[in-house]
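The values are calculated or read from the model by the stated rules, or taken from the named source; none is laboratory data. All of these numbers come straight from a predicted model, not from anything done at the bench. Methodologically, a virtual Cβ is constructed for each residue, glycine included, from the backbone with ideal geometry; neighbour enumeration extends over all protein chains shown.
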Amino acid sequence: MQLVLIGPPGAGKGTIAEKVAAKYKLAHLSTGDILREAIARGTALGVRANEYVETGRLVPQEVLGAVVAEGLRDAKDFVLDGYPRTLEQAEFLSGLPHVELDAVVYVAVPEEVAVSRLAGRLVCTACGGVTNADDGAAESCAFCGSGRLEARADDRLDTVKRRYEVYVAETEPVVEYYRAAGILREIDGTGSRKAVFARVEAAIGPLVACGDDNR
Ligand code: AMP
C-alpha cells in the first residue's frame with residue numbers, strides 16, 4: 001500500500017504516520033524528520049536546509065527531491081508524511097519509478113486547533129515521542145520514561161504562523177490536485193488521537209482488503 005498523509009502543520013501527521021506504518025507494516029518516510037536529523041548532525045543537507053526549516057519556509061525541491069527518491073527507492077509499501085507539499089513535488093513523486101499512490105489521506109483541522117496544538121507540542125529528545133503541554137506532560141517522556149521534553153525550534157508562534165501561510169499557499173492546491181485525481185480521503189483531524197486514528201483506519205481499511213495484489 002502506498003499512502004500520503006497531508007494536512008496543515010499541527011494536524012498530527014507524524015503521529016498518525018507512525019501508527020499507520022506500524023499497523024500496516026509500511027515504510028515511514030517523513031521529510032521533516034529527515035531534515036531535522038540532517039540539521040542536528042550538520043550534514044551537507046542539514047546545512048542547506050537549516051535556514052528554511054528554522055524560518056518555516058519550504059526547503060527547495062532541488063534539495064529535497066533526491067532525498068525522497070532515495071528514501072523510496074526500495075520501498076514498495078510506504079506512508080509519506082510531509083511530502084509532497086507543492087504541486088511541483090506532487091508531480092515529481094508521481095514520476096518516480098514504482099510509485100503509484102493508493103490514497104492520500106487529508107487530515108483536516110481548523111487553523112485555531114492546529115496553532116494551539118503546536119504551541120503546546122513537546123518532543124522527547126531521546127525517542128522522538130510527541131506530547132502536549134495541555135495534556136499535563138511531565139518533565140520526562142511518557143513513552144520512554146527517560147528523555148527530556150523540548151519544544152520544536154519551529155513551533156514558535158511567529159514561525160507557526162509562517163508555516164500555516166505556506167501551507168495555505170503551497171499545499172492546499174496539492175489537496176485539490178489529489179481530490180481531482182480521485183484518490184483523496186478526507187478525515188476530521190480534531191479530537192483525541194484515538195478518535196482520529198479510528199477515522200484513519202476507516203478511510204484506509206478498505207484498501208487493505210483490496211490488497212496490493214491487484215497492482
Ligand atoms: P514537518 O515536520 O513536516 O512540519 O516539516 C518541518 C519543516 O521541514 C517544514 O516547515 C519545512 O521547512 C521542511 N520540510 C518538510 N517537508 C518538506 C517538503 N516536502 N518540502 C519543503 N520543505 C519541507
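Reported count of residues in the range 8-59, each being in a loop (DSSP other than H, G, I, E, B), more than 10 Å from the ligand (Cβ to nearest atom) and touching a Phe, Trp or Tyr at 6+ places or on another chain (Cβ under 6 Å), is 1. Taken as a whole, the structure places A142 among residues that are touching a Ser or Thr at 6+ places or on another chain (Cβ under 8 Å) and under 21 Å from A17 (Cβ atoms).
Would you tally the residues in the range 159-215 being in a loop (DSSP other than H, G, I, E, B) and at pLDDT 95 or above? Don't jump to the end; show me each part of the working.
Taking the range 159-215 as the starting set, the residues that turn out to be in a loop (DSSP other than H, G, I, E, B) are 182-183, 189-192, 211-215.
Remaining after also requiring at pLDDT 95 or above: 182-183, 189-190.
Within the range 159-215, residues that are in a loop (DSSP other than H, G, I, E, B) and at pLDDT 95 or above number 4.
Listed by first and then second residue, the pairs linking a residue in the range 45-57 that is in contact (Cβ under 8 Å) with a residue 40 or more places away in the chain to a residue that is more than 7 Å from the ligand (Cβ to nearest atom) and among the polar types (S, T, N, Q), with Cβ atoms under 8 Å apart and 6 or more places separating them unless they lie on different chains, are E54/T159; T55/T159; G56/T159.
Out of the residues in the range 119-130 that are under 23 Å from Y164 (Cβ atoms) and touching a Lys or Arg at 6+ places or on another chain (Cβ under 8 Å), which is modelled with the highest pLDDT? Here the answer is V123. Consider Y106 carefully, then state whether it is within 27 Å of K23 (Cβ to Cβ) and aromatic (F, W, Y). Yes, satisfied.
Within the option set V53, V20, V67, V59, being out of contact with any Cys (no Cβ under 9 Å at 6 or more places or on another chain), of a type in the set (V, I, T) and under 17 Å from E201 (Cα atoms) holds for one residue only, V20. Assess whether V68 counts as being in contact (Cβ under 8 Å) with a residue 40 or more places away in the chain and either within 15 Å of the ligand (Cβ to nearest atom) or part of a loop (DSSP other than H, G, I, E, B) (or both). It is false that V68 is in contact (Cβ under 8 Å) with a residue 40 or more places away in the chain and either within 15 Å of the ligand (Cβ to nearest atom) or part of a loop (DSSP other than H, G, I, E, B) (or both).
For beta carbons closer than 6 Å, sequence separation of 6+ or different chains, a first residue in the range 72-86 that is on the phi > 0 side of the Ramachandran plot and a second that is within 15 Å of the ligand (Cβ to nearest atom), the qualifying pairs are G82/S30; G82/T31; G82/G32.
With respect to being at pLDDT below 90 and either more than 16 Å from the ligand (Cβ to nearest atom) or within 18 Å of L3 (Cα to Cα) (or both), D102 falls outside the description.
For the range 125-145, check the following and say yes or no: at least one residue is outside any helix (DSSP H, G or I), surrounded by fewer than 19 Cβ atoms within 10 Å (Cβ to Cβ) and among the aromatic types (F, W, Y). Yes: one or more hits. Here V4 meets the list (1) within 15 Å of the ligand (Cβ to nearest atom); (2) surrounded by fewer than 19 Cβ atoms within 10 Å (Cβ to Cβ) almost entirely, failing just condition (2).
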